[in-house]
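As structure tokens, the structure follows; a few thoughts come after it.
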Amino acid sequence: MRFDQPATTNPIDQLKVVGRPTDRIDGPLKTTGTAPYAYERHDVAPNAAYGYIVGAGIAKGRITAIDQGRAKSAPGVIAIVTAENAGELGKGNFNTARLLGGPAVEHYHQAIALVVAETFEQARAAAQLLKVSYATAEGVFDLEAAKTSERRTADRNSTIGDFAGAFAKAEVTLDETYTTPDHSHAMMEPHATTAAWRGDQLNIWTSNQMIDWTRTDLATTLGMPREKIHLMSPYIGGGFGAKLFLRADTVLAAIGARMVRRPVKVALQRPIMANNTVHRPATIQRIRLGATRQGKLTAIGHESWSGNLVGGKPENAVQQTLWLYAGENRLTGTRLAMLDLPEGNAMRAPGEAPGLMALEIAVDEMAERLGMDPVEFRVLNDTQVDPANPSRRFSERRLIECMRTGADRFGWAQRSVKPAQRREGRWWIGTGMAAAFRNNQVTKSGARVRLDGRGVVTVETDMTDIGTGSYTIIAQTAAEMMGVPLERVVVRLGDSSFPVSSGSGGQWGGNCSTAGVYAACVKLRDAVAQRAGLPAEGASFADGMVRAGGRSASLSEVAGDSGIVAEDTIEFAELSKRYQQSTFGAHFVEVAVDAYTAEVRVRRMLAVCASGRILNPKSARSQVIGGMTMGVGAALMEELAVDKRLGFFVNHDLAGYEVPVHADIPHQEVIFLDETDPISSPMKAKGVGELGICGVGAAVANAIYNATGVRVRDYPVTLDKLIGRMPTPGA
Ligand code: MOS
């Protein structure tokens, strides 16, 4: 199905099943511990051997020798995979560094060997006995230093009007620099794979967000036809972007299994994940704003520096600045410096998440300079068209309504405009807000649906559920389309033998994968009507029956023993180019800051989101509060500490890389505006899974400023950055 006209009324609009706060249908499997995760496939690989990855001990250079003597003769060891014996390896589309290093080492903890043994403990013990010798080369690890050196490469600029001229002439200006550190995905389930060969057929059970990308890259890496790989990822314990692409666990499990002629499982041990895989790159962002005294923005400048390995991309932290506010003269651009740190890549809302952490503090600061309320300043500078192309409108844009609703519900009017005015015992209290923005991407997505003689609808698609609720919203979609109760729908996901879907990434999965199921169900409805001898046009599906032209038939009887199968792919055409499609929100936060220790406690959080139709308010809310929680982490604690001499992330485990725990997170409220977006898909839904994190960091930082009068532009806002600048406690 080509989606090239705005959606009109369709069966989803009945909202008998879609739009309800349905519990997760995979919930019982999760809570009883019976959902089979990749590393636990004892059922399919009962005799699996265990692989343990050895990561490079230097950031850059060459391996001169690997002495395997003691490791090889250690108890239980079956094989040791290195670049020497792994065979020729190709390079897939998505990885910057090679997934098996040697002799050249491209980054710290790059995989350089896999020790395969009878047990995990034996593999781990033997791995410690490998003696690796290196010739270390000099690397570049400091973004601030590299940004002005010859390591700086591509500058990408986008300009409108005359930014420099308008900024110079502006009545009120701001020119500040903000920094965000490297972030780690820190999802619960590590990267993990069980690999088993049957002849030349490779079966992979793994934890991955994008089945088709990963299967293709694995085929390229191993130099084999992709049809010979069956890749399965039905349950995933979180991804946040770390599992978008093929990683070392999968490649090395496959090579190890081929070498030892039996199944091999490999999980990345937690302490190598931060340096072996990917992270959200640190940014240095310079923001310049110019406005009239009345508060109209006339010049908007946002430049962002980030680093990556050679071949990697910049963090696009200026993305939201293209669309969030009006302003005739604009300069946005990314600057990239080549660093020898591990590869930077997508993490939840890449671009907008770190970009809004900077932009939305700058906007708060500018409102203060103008003597304006931060909400009113944003309202005044709203735009309903793409600033780069005024004939291009937003499909839906209710940013103002989000902010007004939030201000009302949060009690924004009670806020003291002047900072450091409100005390409760030892705490300074303050509130802050920020706008939320994340683009809505659409990408084609396929599904197969089968109606059987019991009246059960089975959906198959290679879509993944990374903890987001895909199983549930897909079941709701099929139930609505076919007129059957939810209990009559079976959803099978994450399998490369199913039609290729959008996968889970960039918050596109919810809208696009259900739209693919919608398309397949439209075909199935036609096939059912036809077999029943009913006109397809005007047929209605409800209560397990199809009705048309005054006649009806039961779905199970029509399907009969043979059943009926339909398959289709939704493809998005011109609409996504004709309209700017984005999702919007507003975050409101109240913090308390200890007057003596500068400890920050978040006390209240509210998000208001305008994100198209909400397919399941319960799972959508969970996505948003998860994003808000990650936003608090980014605001207050998360930071991969860089060793700038040796070139690695020092705090590479969950003891050193701090993320919020339950005690850090207060009551969170989420309001979804009642919205449908007929431009985005027949579902009229948009992404929501990443919107929740966008803007939160700045809302927290702005609240801290309101509480204390201390402006911190360098995340995370830890107490050491506050304590020397706090207002006198007795004052
Ligand atoms: Mo997302 S960062 O595209 O999983």
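The values are calculated or read from the model by the stated rules, or taken from the named source; none is laboratory data. Please read all numbers here as calculations on a predicted model, not as lab measurements. Here Cβ is always computed from backbone atoms with ideal geometry, including for glycine, and neighbour counts include all displayed protein chains. Surface accessibility is based on the protein's heavy atoms, side chains included, excluding ligands, DNA and RNA. Shrake-Rupley method; radii C 1.70, N 1.55, O 1.52, S 1.80 Å.
Name the pairs: first residue in region 160-171 and outside the structural domain of ASN389 (by TED's automatic domain parsing), second residue surrounded by 16 or more Cβ atoms within 10 Å (Cβ to Cβ) and among the hydroxyl-bearing types (Ser, Thr, Tyr), Cβ to Cβ under 7 Å, at least 6 apart or on different chains?
Close Cβ pairs (under 7 Å, with a partner that is surrounded by 16 or more Cβ atoms within 10 Å (Cβ to Cβ) and among the hydroxyl-bearing types (Ser, Thr, Tyr)) amount to ALA166/THR298; PHE167/THR173; ALA170/THR298.
Going through region 335-344 one residue at a time, which ones are crowded, with 24+ Cβ neighbours inside 10 Å and out of contact with any Phe, Trp or Tyr (no Cβ under 7 Å at 6 or more places or on another chain)?
LEU336, GLY344
Being within 21 Å of HIS185 (Cβ to Cβ) and open to solvent by 20 Å² or more (accessible area, probe 1.4 Å) is the filter here, so list the residues in region 197-211 that pass it.
Hit for region 197-211 is TRP205, nothing else.
Mind checking which residues of region 190-229 are closer than 19 Å to VAL491 by Cβ and more than 17 Å from the chain's Cα centre (by Cα)?
Of everything in region 190-229, those that are closer than 19 Å to VAL491 by Cβ and more than 17 Å from the chain's Cα centre (by Cα) turn out to be TRP205, ASP212.
Hey, can you tell me all the residues within region 5-38 that are more than 27 Å from ILE204 (Cβ to Cβ), charged (D, E, K, R) and open to solvent by less than 60 Å² (accessible area, probe 1.4 Å)?
ASP13
Among (1) in contact with a helix residue (DSSP H, G or I) (Cβ under 6 Å, 6 or more places away or on another chain); (2) within 16 Å of the ligand (Cβ to nearest atom); (3) within 15 Å of LYS91 (Cβ to Cβ), where does ALA219 come up short?
The failed condition is (2).
Output the residues belonging to region 487-510 that are away from the ligand (no atom under 12 Å from the Cβ), touching a helix residue (DSSP H, G or I) at 6+ places or on another chain (Cβ under 9 Å) and among the hydroxyl-bearing types (Ser, Thr, Tyr).
SER496, SER501
Kindly indicate whether PHE648 is touching a Cys at 6+ places or on another chain (Cβ under 8 Å) and open to solvent by 30 Å² or more (accessible area, probe 1.4 Å).
no
Do you know which residues across region 174-195 are open to solvent by 10 Å² or more (accessible area, probe 1.4 Å) and hydrophobic (A, V, I, L, M, F, W, C)?
Across region 174-195, the qualifying residues are ALA186, MET188.
For region 83-99, enumerate the residues that are closer than 16 Å to GLY61 by Cβ and open to solvent by less than 60 Å² (accessible area, probe 1.4 Å).
Listed by number, the residues that qualify are ALA83, ALA97.
Any residue at all in region 531-539 that is within 16 Å of the ligand (Cβ to nearest atom) and assigned to a loop (DSSP other than H, G, I, E, B)?
Taking every residue of region 531-539 in turn, none turns out to be within 16 Å of the ligand (Cβ to nearest atom) and assigned to a loop (DSSP other than H, G, I, E, B).
All but one of (1) within 28 Å of GLY344 (Cα to Cα); (2) open to solvent by less than 30 Å² (accessible area, probe 1.4 Å); (3) in a loop (DSSP other than H, G, I, E, B); (4) of a type in the set (Val, Ile, Thr) hold for ILE679; which doesn't?
(1)
Any residue in region 241-256 that is under 12 Å from PHE94 (Cβ atoms) and charged (D, E, K, R) sitting within a Cβ distance under 7 Å of a residue that is away from the ligand (no atom under 16 Å from the Cβ) and open to solvent by 10 Å² or more (accessible area, probe 1.4 Å)? List the pairs, counting only those 6 or more apart or interchain.
Taking only residues 6 or more apart or on different chains, the pairs are ARG247/LEU99.
Do the conditions hold for ARG226, that is, is it out of contact with any Lys or Arg (no Cβ under 7 Å at 6 or more places or on another chain) and open to solvent by 10 Å² or more (accessible area, probe 1.4 Å)?
Against the criterion (out of contact with any Lys or Arg (no Cβ under 7 Å at 6 or more places or on another chain) and open to solvent by 10 Å² or more (accessible area, probe 1.4 Å)), ARG226 does not qualify.
Does region 687-717 hold any residues that are part of a loop (DSSP other than H, G, I, E, B), closer than 19 Å to LEU174 by Cα and either within 16 Å of the ligand (Cβ to nearest atom) or among the charged types (D, E, K, R) (or both), and which are they?
ARG711, ARG713, listed by residue number.
Of VAL696, VAL717, VAL710, VAL661, which residue is at pLDDT 95 or above and open to solvent by 40 Å² or more (accessible area, probe 1.4 Å)?
Only one candidate qualifies: VAL661.
Checking LEU331 against (1) more than 14 Å from the ligand (Cβ to nearest atom); (2) surrounded by 24 or more Cβ atoms within 10 Å (Cβ to Cβ); (3) hydrophobic (A, V, I, L, M, F, W, C): exactly one of these is not met. Which one?
(2)
If ARG70 passes every condition in (1) modelled with pLDDT under 95; (2) open to solvent by 20 Å² or more (accessible area, probe 1.4 Å) but one, which one does it miss?
The failed condition is (1).
Residue by residue through region 499-538, note down the ones that are among the hydrophobic types (A, V, I, L, M, F, W, C), open to solvent by less than 20 Å² (accessible area, probe 1.4 Å) and in contact (Cβ under 8 Å) with a residue 60 or more places away in the chain.
Scanning region 499-538 gives CYS512, ALA515, VAL517, ALA519, ALA520, CYS521, LEU524, VAL528.
With the requirement that a residue be closer than 15 Å to SER504 by Cα, of a type in the set (A, V, I, L, M, F, W, C) and assigned to a loop (DSSP other than H, G, I, E, B), what does region 194-239 give you?
Once the filter is applied, which keeps residues that are closer than 15 Å to SER504 by Cα, of a type in the set (A, V, I, L, M, F, W, C) and assigned to a loop (DSSP other than H, G, I, E, B), region 194-239 yields MET210, ILE236.
Considering each of GLY453, GLY425 in turn, give the residue that is free of Cβ contacts under 8 Å to residues at least 12 places away in the same chain, more than 16 Å from the ligand (Cβ to nearest atom), open to solvent by 10 Å² or more (accessible area, probe 1.4 Å) and of a type in the set (Gly, Ala, Ser).
It is GLY425.
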